[in-house]
1. Of the residues in region 1-40, how many are open to solvent by less than 50 Å² (accessible area, probe 1.4 Å), over 19 Å from His70 (Cβ atoms) and not in a helix (DSSP H, G or I)?
2. Only one residue in Leu108, Leu67 is open to solvent by less than 20 Å² (accessible area, probe 1.4 Å), part of a strand (DSSP E or B) and either closer than 19 Å to Ser39 by Cβ or touching a His at 6+ places or on another chain (Cβ under 7 Å) (or both). Which one?
3. Considering only region 52-62, I want to know if a residue exists there that is modelled with pLDDT of 95 or more and among the aliphatic types (A, V, I, L, M).
4. What are the residues in region 53-86 that are over 15 Å from Thr104 (Cβ atoms) and free of Cβ contacts under 8 Å to residues at least 24 places away in the same chain, if any?
5. Given the criterion touching an Asp or Glu at 6+ places or on another chain (Cβ under 6 Å), of a type in the set (Gly, Ala, Ser) and either open to solvent by 20 Å² or more (accessible area, probe 1.4 Å) or not in a helix (DSSP H, G or I) (or both), identify the matching residue among Gly78, Gly57.
Amino acid sequence: MAGGTPRVFTFGFTADESAAIDAALAEVRVPPPTRLRPSQGDCRVGDIVDRDTDGSGTLASAERLVLFAHLPGEAVSGLVDYFRGIDVPRPIFATVTETSASWTLAELLEHLAEERRAHEAARDGAAPAGRADP
């Protein structure tokens with residue numbers, strides 16, 4: 001996505017985990033991330049990023065997400081490396097793209113969770129759940 005204010009968003013972290021993230025990012029002068037809310041599950045990701053849109057939906061997901069918007073690749077790479085050193089459960093890392101900006105937050109989380117399951121299955125040498133070879 002072109003233009004826009006560089007932002008970091010998180011979803012699914014506990015209050016203690018969020019505090020640890022905020023403290024660690026403050027050490028490198030990165031503002032605290034914007035917390036995505038379950039009520040935003042039915043909102044388009046692009047609307048959330050650009051206008052802080054809130055919805056009336058509910059999103060029940062056990063996934064933890066760190067979402068980067070309007071950041072250059074080298075900044076994303078550096079922040080992902082930095083996040084890996086923070087003592088919180090490992091999240092899914094993603095960057096907002098033209099395609100994902102048109103999805104709802106719920107759709108994005110489901111897509112990313114499916115990608116993670118496929119990657120883990122490939123790494124472990126098995127077919128992803130729900131997919132069988134012909």
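The values are calculated or read from the model by the stated rules, or taken from the named source; none is laboratory data. The shown structure was predicted, so the numbers you read here are calculated from the model rather than taken from an experiment. For neighbour counting, all protein chains shown are included, and Cβ atoms are generated from backbone atoms with ideal geometry for every residue, glycine included. We work out accessible area using only protein heavy atoms, side chains counted, and drop any ligands, DNA or RNA first. Shrake-Rupley method; radii C 1.70, N 1.55, O 1.52, S 1.80 Å.
1. 2
2. Leu67
3. No: region 52-62 contains no residue that is modelled with pLDDT of 95 or more and among the aliphatic types (A, V, I, L, M).
4. Listed by number, the residues that qualify are Pro72, Gly73, Glu74, Val76, Ser77, Gly78, Val80, Asp81, Arg84.
5. Result of the check over Gly78, Gly57: Gly57.
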